[in-house]
Amino acid sequence: MKADPAASGFEARGADWLGVEEALSRILRQASPVGEERVPLAVCGGRALAEQVTATANLPPWDNSAMDGYAVRGADIDGAGPSSSVVLRVVGFVRAGSTLGPAVGPGEAVRIMTGAPVPPGADTVVRVEDTDAEATEGRVEVLRDRDRGRNVRPGGQDMRVGDPLFVAGDTITPGAVGLLAAAGRDAVAVHSTPTVAILATGDELRPPERYEDVRAGAGVPESNGPMLAAMARGAGARARLLGIAADDPTDLRERIGAAADADVLVTVGGASMGEADLVKRVLDELDFELDFWRVRMRPGSPMSFGLLTRGGRRQPVFGLPGNPASAFVTFEVFVRPFLRALAGHRRVSRPVVRCVAVEPLTGAAGLTHYLRVTLDELDDHTAVRQAGPQGSGLISSLARAEGLAVLPEEVERVEAGEEVAVMLLDSACPPP
């Protein structure tokens, strides 16, 4: 039900009270990758591939040595030991980057370096420390046979021509960059980076240049915008801060209008039913279709999601609560996966691990509860404890949090010593 934006007093709007999974599913149904581009390999890290990558060469291209030592026939060193050494004739030397060395015949050896191609006839590389290292030129004494049949890395073990290496939607990790380089690629097709516009709202908010008001008790610091911008960058998006909108319909309309070119609009504050909570009322004046409002979660229940018509397209709009913990959690649970999907990633959710509580963790009946927690790695498990007070208006525990402990709707309490699922968070602020 739409409300009259000119009306005063508390707003009367029916709440949907969706479960977390249903809300996220409805959000992700609206997500499609925003585009594609080709970028050099050196700057593709963190992006999502927009193409399949297939091997066009065998790697390694030949059997190669895993050790510095001597390429030999395994049968020739069988039984070698300190009191029964085996002496072989050294017939050549190969190093990494060399062509194949001379063939190894019975009673022969080729000195070889790590990564060098194993010469024909050899099936074993004896490490140099198990020999006398050619104390006599042209001959090597093998003192142990523990390497018989070992230290030869097969050609094609890493990849073979035609092997699928990546599919579209795979996230390009540093290891993936290495594999792409090994596959001969200097550039790849990736999905484009989405842009998210972030609008903080509320007459009470103060930017850093007005922090004297905070010291005087005449305002509260605007921390949500910078925090969510960092979170958006961590999700692989470009963030644009729209400043602080006053509790004034005209100011809200102007700032919302300035976000018309963004892929996503996130408003923070004005999400509840108070007299000054004008965001939904102003959106109702525009061509906005509300999908849902309110989710069965804590913190962050009064969040919303809908689509705002912008010319020929519809812009996804998230309405997040203004309390910092609520804004943080709802961004993590809903906005981040959506941005990841827009950026083309197949895997959009955070890793979730099982940890052991070292203190009781309390939820709320009928709500999925997200607790800010720290993690300690012990010998046989990861221990989890609260990062500090859990009030939705508190910020300090967000800085200390390494994860969000998730207590489902049916779980009101986790006792010390019991397992709990924890959504892992970023450990560092992403670069701009």
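The values are calculated or read from the model by the stated rules, or taken from the named source; none is laboratory data. Computed from a predicted model, the values in this text were never measured in an experiment. Positions of Cβ are generated from backbone atoms using ideal geometry, with glycine treated the same way; all protein chains shown enter the neighbour counts.
In the set 373, 348, 384, which member is within 30 Å of residue 49 (Cβ to Cβ), under 23 Å from the mean Cα position of the chain (by Cα) and not basic (Lys, Arg)?
On the way: 373 fails: within 30 Å of residue 49 (Cβ to Cβ); 384 fails: within 30 Å of residue 49 (Cβ to Cβ).
Exactly one residue qualifies, and that residue is 348.
Test each condition in (1) under 30 Å from residue 235 (Cα atoms); (2) surrounded by 19 or more Cβ atoms within 10 Å (Cβ to Cβ); (3) of a type in the set (Phe, Trp, Tyr) for residue 17 and report the one that comes out false.
(2)
Matching residues to (1) surrounded by 17 or more Cβ atoms within 10 Å (Cβ to Cβ); (2) touching a residue at least 24 places away in the same chain (Cβ under 8 Å); (3) of a type in the set (A, V, I, L, M, F, W, C):
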{"site": "109", "(1), (2), (3)": "yes, yes, yes"}
{"site": "114", "(1), (2), (3)": "no, yes, no"}
{"site": "120", "(1), (2), (3)": "no, no, no"}
{"site": "155", "(1), (2), (3)": "no, yes, no"}
{"site": "160", "(1), (2), (3)": "no, yes, no"}
{"site": "170", "(1), (2), (3)": "yes, yes, no"}
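Looking at 59, 100, can you tell me which residue is modelled with pLDDT under 95 and buried (at least 16 other Cβ atoms within 10 Å of the Cβ)? Before the answer, list the steps.
Numbers: 100 fails: buried (at least 16 other Cβ atoms within 10 Å of the Cβ).
Being modelled with pLDDT under 95 and buried (at least 16 other Cβ atoms within 10 Å of the Cβ) holds for just one of 59, 100, which is 59.
How do the strands (runs of 3 or more DSSP E) wholly within the stretch 204-295 filter down when requiring 3 or more residues that are surrounded by fewer than 22 Cβ atoms within 10 Å (Cβ to Cβ): which remain?
Details: elements: 238-245, 264-268, 288-293.
Because the criterion is at least 3 residues that are surrounded by fewer than 22 Cβ atoms within 10 Å (Cβ to Cβ), the strands (runs of 3 or more DSSP E) in the stretch 204-295 that meet it are 238-245, 288-293.
Among the listed residues 335, 329, which satisfies the condition of being under 12 Å from residue 425 (Cα atoms), in contact (Cβ under 8 Å) with a residue 12 or more places away in the chain, assigned to a helix (DSSP H, G or I) and touching a Phe, Trp or Tyr at 6+ places or on another chain (Cβ under 9 Å)? Write out each step before concluding.
On the way: 335 fails: under 12 Å from residue 425 (Cα atoms).
Checking each option against the conditions leaves just 329.
Look through the stretch 39-66, keep the residues that are hydroxyl-bearing (Ser, Thr, Tyr) and out of contact with any Leu (no Cβ under 7 Å at 6 or more places or on another chain), and return whichever of them is farthest from residue 174 (Cα to Cα). Lay out the reasoning, then the answer.
In the first step, residues of the stretch 39-66 are kept if they are hydroxyl-bearing (Ser, Thr, Tyr); the result is 54, 56, 65.
Add one more test, that the residue is out of contact with any Leu (no Cβ under 7 Å at 6 or more places or on another chain), and what stays is 56, 65.
Details: 56: 21, 65: 26 Å.
Restricting to residues being hydroxyl-bearing (Ser, Thr, Tyr) and out of contact with any Leu (no Cβ under 7 Å at 6 or more places or on another chain), the top hit is 65.
So residue 374 passes all but one of these: (1) polar (S, T, N, Q); (2) closer than 23 Å to residue 268 by Cβ; (3) assigned to a strand (DSSP E or B). Which condition number does it fail?
The failed condition is (2).
Of all strands (runs of 3 or more DSSP E) completely enclosed by the stretch 55-126, which ones contain at least 1 residues that are within 25 Å of residue 182 (Cα to Cα) and not aromatic (Phe, Trp, Tyr)? Spell out the reasoning first.
Working: elements: 69-72, 86-94, 108-112.
Correct list: 86-94, 108-112.
Which one is surrounded by the most Cβ atoms within 10 Å (Cβ to Cβ) among residues in the stretch 127-153 that are outside any loop (DSSP other than H, G, I, E, B) and among the charged types (D, E, K, R)? Talk me through it step by step, then tell me what you get.
Our first condition is that a residue be outside any loop (DSSP other than H, G, I, E, B); within the stretch 127-153, this holds for 127-131, 136, 139-142, 152-153.
Of the ones still in play, those that are also among the charged types (D, E, K, R) are 127, 129-130, 139, 141, 153.
Numbers: 127: 17, 129: 11, 130: 20, 139: 13, 141: 16, 153: 17.
Among those that are outside any loop (DSSP other than H, G, I, E, B) and among the charged types (D, E, K, R), it is 130.
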